[in-house]
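In what follows, a single structure is set out as structure tokens and then discussed.
The values are calculated or read from the model by the stated rules, or taken from the named source; none is laboratory data. None of these values were measured; they are calculated from a predicted model. FYI the Cβ positions are ideal-geometry reconstructions off the backbone, even for glycines, and counts take in every protein chain you see. Areas reflect the complete protein model, heavy atoms only, side chains present, ligands, DNA and RNA absent. Shrake-Rupley method; radii C 1.70, N 1.55, O 1.52, S 1.80 Å.
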Amino acid sequence: MNEVFEELRAALYQVWNRRWVALGVAWGVCVLGWLVVALIPNSYESRARIYVQVDDVLSQQLEISGDGAKELVRVRQTLASGVNLEKVVRATKLGEDITTDSDLQGAVTSLTENVTVKGEQDNLFEVSATIGKGDLSDAENAKLSQDVVQKLLDIFREENISGNRGEVADTLVFLDRQLEERKQELEAAEQRRLAFEAQYPELIGGTGTVSTRLQTLRTEMRGVDGDIAAAQSALAAINGQIAGTPRSIQMPGAGGGGARGALIQAQSQLAAMRSRGLTDSHPDIQSTQRQIGLLERQAANEGDGAYGQPNPAYTSLISIRAERQANVQALSARKAALQADISGMIASQAQEPEVAAEANRISRDYEVLKTKYDELLRDREEMRLRGQVQTERSAFQFEVVDPPTIPRKPAAPNRPILLIGVLIVGLAAGAGVAFVLGQLKSAFSTADRLERALDLPVVGTISRSMTKAREEHARKRFKQFAAGAGALGGVCILLLAVEFIQVGTVA
């Protein structure tokens, strides 16, 4: 610890012994540093805060609104884009001295470094621009920083509000032109289709439609076959009921004898047997049929109406049978027509394959054009609705919360800190130079340093003796040194005072 203290004492002695050199170096470094600080132009920063709202209830309800998060990202990226900054350079004083493209690119690059866009919240952005050109005054730099921010806001408003509406209008014009072209193509395709269908009506719709129609006809044929089977079954059932129903009924008091009465009873027995599932080959059925035949001949000899009156149930069954017979005949005719249509379509496809291929091509072209036309028409109507919503109630709301103002104080450089820093650097440089000079000369500030250097014992030291005149001269020199050092600090304080006075004087 003592050695460290001794080294520190020796260093201080060397600096103090060469204090005038240290003071001179400090003055030189400080004056030069303060001159450099004075030549640094002031940079002024103008700020503005904007609020961007991209959500709209009406647009969301109509399902024409975009992604709000993507819109906000686009705002952050495009607000300070190179294209916008180039417009700012051309519209402000930054572009007055620009004559070449390289100069313009350099100005845009420099402005890109000095313009920042920060998102404070989801929809709140802060735009700032820092301008410090050496060929402009402080007032001009302050005004230019405000102009840059204001121009950025104007460009953003123009491109994202008016620009969006112009984009919608241009899109509508393009869609209308495309619709007109598709309309003409569709009309031409319709004329070709009508002419082909007039010449080949059986191939209307192309071969794909013919195949579909064949499938439909075959399905309908299967349905007709089922209907015919059901109608024939119903007709057989009604015939059985008619066979078991007497044509006349007994009059009250007329008696139940005679051939007619026996015939009715036999017919009833035959109907009962058939209802039990007996066929005509059954012996009982055959016996009853022979009996009925005999009784019919006997009843014919007895004469009509001898024992009763016509049976209304029998008459009703006869009417039902006639209706069902007509239904069977109609279904049979429908089946024959379907068979003819199927045969004609199959023959057309087999006999004229080229015509069928042409029909398929015409139908396919027409369907493609029709689908594309419908899609364009739907897009055009959606874009028109979007344009009306943006015109009457824009979903993109742009509001300047804090407009850009002319800054009253420079944002950079921080001159007080720089001035004090130059003073410290100057004093350190002076002390360092004095210390180095002391190290270069072979002198010893203490007896201990001499003893360590020579490795010999030091018997003693002789103190320095000064006369009164010498002491007076030393005190005078000390006052001069103190005055020089104080003047250095005073100049620094004066410069600080001038800086604080000048701050806020921008018109």
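Looking at this structure, is residue 408 at pLDDT 70 or above, surrounded by 11 or more Cβ atoms within 10 Å (Cβ to Cβ) and within 30 Å of residue 141 (Cβ to Cβ)? For residue 408, the condition - at pLDDT 70 or above, surrounded by 11 or more Cβ atoms within 10 Å (Cβ to Cβ) and within 30 Å of residue 141 (Cβ to Cβ) - is met.
Filtered by the rule that a residue be open to solvent by 100 Å² or more (accessible area, probe 1.4 Å) and modelled with pLDDT under 70, the range 464-483 gives 464, 465.
For the range 326-357, residues that are surrounded by 15 or more Cβ atoms within 10 Å (Cβ to Cβ) and modelled with pLDDT of 75 or more total 8. Within the range 30-49, can you find the residues that are under 21 Å from residue 433 (Cα atoms) and open to solvent by less than 50 Å² (accessible area, probe 1.4 Å)? Matches in the range 30-49: 30, 33, 34.
Among residues belonging to the range 454-463 that are among the hydrophobic types (A, V, I, L, M, F, W, C) and open to solvent by 90 Å² or more (accessible area, probe 1.4 Å), point out the one that is modelled with the highest pLDDT.
Residues of the range 454-463 among the hydrophobic types (A, V, I, L, M, F, W, C): 454, 456, 458-459, 462.
Going one step further and asking which of them are open to solvent by 90 Å² or more (accessible area, probe 1.4 Å), we end up with 454, 456, 459, 462.
Working: 454: 67, 456: 73, 459: 68, 462: 67.
If we take residues in the range 454-463 being among the hydrophobic types (A, V, I, L, M, F, W, C) and open to solvent by 90 Å² or more (accessible area, probe 1.4 Å), then 456 is modelled with the highest pLDDT.
Say we look at the range 69-88 and pick out the residues that are β-branched (Val, Ile, Thr) and modelled with pLDDT under 85; which of these is nearest to residue 126 (Cα to Cα)? By that ranking, first place goes to 75. I want to confirm something. Restricting to the range 81-130 and keeping residues that are open to solvent by 40 Å² or more (accessible area, probe 1.4 Å) and among the hydrophobic types (A, V, I, L, M, F, W, C), which single residue is farthest from the chain's Cα centre (by Cα)? Once the filter is applied, the top-ranked residue is 98. Of the residues 198, 243, 188, the single one that is at pLDDT below 85, closer than 24 Å to residue 368 by Cα and of a type outside the set (Asp, Glu) is 198.
Checking residue 145 against (1) open to solvent by 70 Å² or more (accessible area, probe 1.4 Å); (2) modelled with pLDDT of 80 or more, which single condition isn't satisfied? Status for residue 145: all satisfied but (1).
Residue 142 passes every criterion in (1) within 12 Å of residue 80 (Cβ to Cβ); (2) in contact with a Pro (Cβ under 8 Å, 6 or more places away or on another chain); (3) among the aliphatic types (A, V, I, L, M) apart from (1).
If only residues of the range 160-185 that are among the acidic types (Asp, Glu) and either at pLDDT 80 or above or open to solvent by less than 70 Å² (accessible area, probe 1.4 Å) (or both) are counted, the one that is nearest to the chain's Cα centre (by Cα) is 176.
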